[in-house]
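Undergrad: There's a structure below that I have some questions on.
Where a number appears in this text, it was derived from the coordinates with a stated rule and is not lab data. The shown structure was predicted, so the numbers you read here are calculated from the model rather than taken from an experiment. Cβ atoms come from the backbone with ideal geometry, glycine included; neighbour counts cover every protein chain shown.
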Amino acid sequence: MDLKGHDIHTQAVHAGERGPHPDFTPVSTPIYHSVGYMYDSMDDLDAIFAGTRPGFVYSRHGTPTNEALEGAMATLEGGEAALCFASGMAAIHATLLAAGVRPSQGVVAAQDLYGATYGLLDRLFRGLGVRVRFVDFTDVAAVERVVEEVKPRVLLCEIISNPLMKVADVPHLAEVAHASDADLLVDNTFATPYLYRPLSHGADYVLHSTTKYLGGHGDVMGGAVVTSAANRDRLFEVIKMVGGNLGPTEAWLTLRGIKTLPLRMAQHCRNAAVVAEWLDRHPRVVQVNYPGLPSHGQHGVAAELFREGCFGGMISFQIADGDRRTAYGFMEALNLILPATTLGDVYSLTLHPASSSHRTLTEEQRAQVGISEALIRLSVGIEAASDIIADLEQALAQA
């Protein structure tokens, strides 16, 4: 646009914008901050709205930066398509809706889910008339019985549960779900596609809090769903109506984080294995929950499903003869390990589930799940394992 002769008010608004189409391709995906997009022809815009040609019209419907991240997520998980959201919880909520969960229908979910996911089902969806049942997903026979009774629309689990690190036998659970014409939704946040790809073993939707290992640096929040192209279309209809879409800056940061995911996850897994074995021998520690330990209830399942020698970077454990004050004292005595309500960062992080991630559960519900007042969740970072252990040792001595 030639702005010569226009008033400075007009020049200030339009100068520098909408230059000629470039004949180059940037090496790194740019951040597209535009809310709207223009086309030379209104017919083109109409076709995009109609879904008969690709393109962008409005950032709630997607941006080129988000599309790049979604392409990466689909590739990593071995899925046909992906859609990204502003948080992991937004992704789970939208997926339940896209999968057809409605009043009077059923959801069968793992009993030891992340507290916010548990609350979403127990309070919001149950309050809307959805029949929700929680069951121990490590007992596939029990799951089969509940599914036969409830006839659910979906089954929902975490591949490694938060915070007890139980491992879901996805291939068998997929058989149970599909025999009842239900979809299997798997939260793969703790494992990431570096360890496991649930879609390859029968899952219908794979969910992520990209805030965690995929972003990896504790500086960006987001969520993602990877599924079939048809299911992605259903998700897209939900996000267009209710929002919850990821911003382009967050998409770019997550895409950047993904580039080092394999390197970071390898170190997380190596460190966690060493730390878990050390904790398992410590006299002040009982009940170490880590899939890589032979004593873990699903160690065999984890060894069969996951990348060889890799069992994730998450551990939980109880302090012997401890209570909430003991747990607090331990966490306050840590120097290197940071008390923060997140996980999957390059930093080692610790959390008290009973007072944070699972605070919304009643005391009775936490006891039923197996979350005690002395339970500590540890996200093992990529620092030197010896330094992590030294910090744990001095803090346990003071607990």
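Undergrad: As an exercise, take the mean of 1/r over every pair of distinct alpha carbons in region 42-258, invert it, and state the Kirkwood radius in angstroms.
TA: That comes to 17.4 Å for region 42-258.
Undergrad: How large are Rg and Dmax for region 112-208 when calculated on the C-alpha trace, in angstrom?
TA: Taking only Cα atoms of region 112-208, I get Rg and Dmax of 12.6, 37 Å.
Undergrad: How far apart, in nm, are the 7 Å Cα→Cβ label points at Arg123 and Asp2?
TA: It works out to 6.3 nm between the two label points.
Undergrad: State, as an integer percentage, the relative contact order of region 42-258 based on alpha-carbon contacts under 8 Å between residues 6 or more apart.
TA: 28
Undergrad: Here is a further query. Once you've got the GNM for the chain with C-alpha springs shorter than 10 Å, pick whichever of Asp169, Asp183, Asp43 has the biggest mean-square fluctuation.
TA: Of the options given, Asp43 has the highest mean-square fluctuation.
Undergrad: Got a sec? How would Trp278, Trp252 order by Cβ neighbour count within 10 Å, fewest to most?
TA: The most exposed by this proxy come first: Trp278, Trp252.
Undergrad: Run down the lysines and flag those whose C-alpha is under 28 Å from the C-alpha of Lys151, throwing out any fewer than 8 positions away in its chain.
TA: Within the straight-line limit of under 28 Å, Lys151 reaches these lysines: Lys166.
Undergrad: Okay, next question. Using label points projected 7 Å from each Cα along Cα→Cβ, tell me how many nm separate Met42 and Lys240, to one decimal.
TA: 2.0
Undergrad: Sort Thr95, Thr10, Thr210 so that the residue with the fewest other Cβ atoms within 10 Å of its own Cβ comes first and the one with the most comes last.
TA: Thr10, Thr95, Thr210
Undergrad: Another question, then. Between helix 324-333 and the chain, what is the angle of the helix's C-alpha long axis to the longest principal axis, kept within 0 to 90° and rounded to the nearest 10?
TA: 70
Undergrad: Check the chain for me: any Cys whose beta-carbon has no other cysteine beta-carbon within less than 4.7 Å?
TA: Here Cys84, Cys157 come out as lacking a disulfide-compatible partner, given the Cβ-Cβ threshold of under 4.7 Å.
Undergrad: So, in Å, what gap is there between the alpha-carbon centers of region 384-399 and region 1-55?
TA: 55
Undergrad: Given H placed on each backbone N at 1.01 Å, which residues far from Asp187 in sequence or on other chains put an amide H within less than 5 Å of it?
TA: Placed amide hydrogens put Cys157, Glu158, Ile159, Leu207 under 5 Å from Asp187.
Undergrad: Between Asp139 and Gln365, what is the FRET efficiency for a Förster distance of 30 Å, r being their Cβ-Cβ separation, to the nearest 0.05?
TA: Given R0 = 30 Å and the Cβ-Cβ separation, E is 0.95.
Undergrad: Another question, if that's okay. Take Ser209, Ser228, Ser87, Ser379 and order them by how many other Cβ atoms sit within 10 Å, fewest up front.
TA: Ser228, Ser87, Ser379, Ser209
Undergrad: Tell me, what are the semi-axes, in whole angstrom and largest first, of the equivalent ellipsoid of region 283-357 as set by the roots of 5 times the Cα gyration tensor eigenvalues?
TA: Semi-axis lengths for region 283-357 are 25, 16, 10 Å.
Undergrad: Here's another thing I want to ask about it. Out of Arg270, Arg197, Arg284, any idea which swings most in a Gaussian network model of the chain, alpha carbons joined below 10 Å?
TA: Its mean-square fluctuation being the largest, the pick is Arg284.
Undergrad: Moving on. How big is the charge dipole of region 305-399 about its Cα centre, in debye rounded to the nearest 20, if each Lys and Arg gets +1 on its Cβ and each Asp and Glu gets -1 on its Cβ?
TA: My answer is approximately 260 debye.
Undergrad: Could I have the simple spin-label model distance between Asp323 and Ala340, label points 7 Å from Cα toward Cβ, reported in nm to one decimal?
TA: So the two model labels end up 3.1 nm from each other.
Undergrad: To continue, here is another question. If you put +1 on each Lys and Arg Cβ and -1 on each Asp and Glu Cβ, how big is the dipole of the chain around its Cα centre, in Debye rounded to 20?
TA: It works out to roughly 460 debye.
Undergrad: Select from Pro339, Pro54, Pro294 the residue whose mean-square fluctuation is largest in a Gaussian network model of the chain (Cα-Cα springs shorter than 10 Å).
TA: Highest fluctuation among the options: Pro54.
Undergrad: Could you estimate the translational diffusion coefficient of the chain from the Stokes-Einstein equation, with Rh from the Kirkwood formula over C-alpha pairs, at 20 °C and 1.002 mPa s, in whole µm²/s?
TA: 95
Undergrad: Continuing with this model, one more query. Which whole-number percent gives the relative contact order of the chain, counting Cα pairs below 8 Å spaced six or more residues apart?
TA: Computed value for the chain: 16 percent relative contact order.
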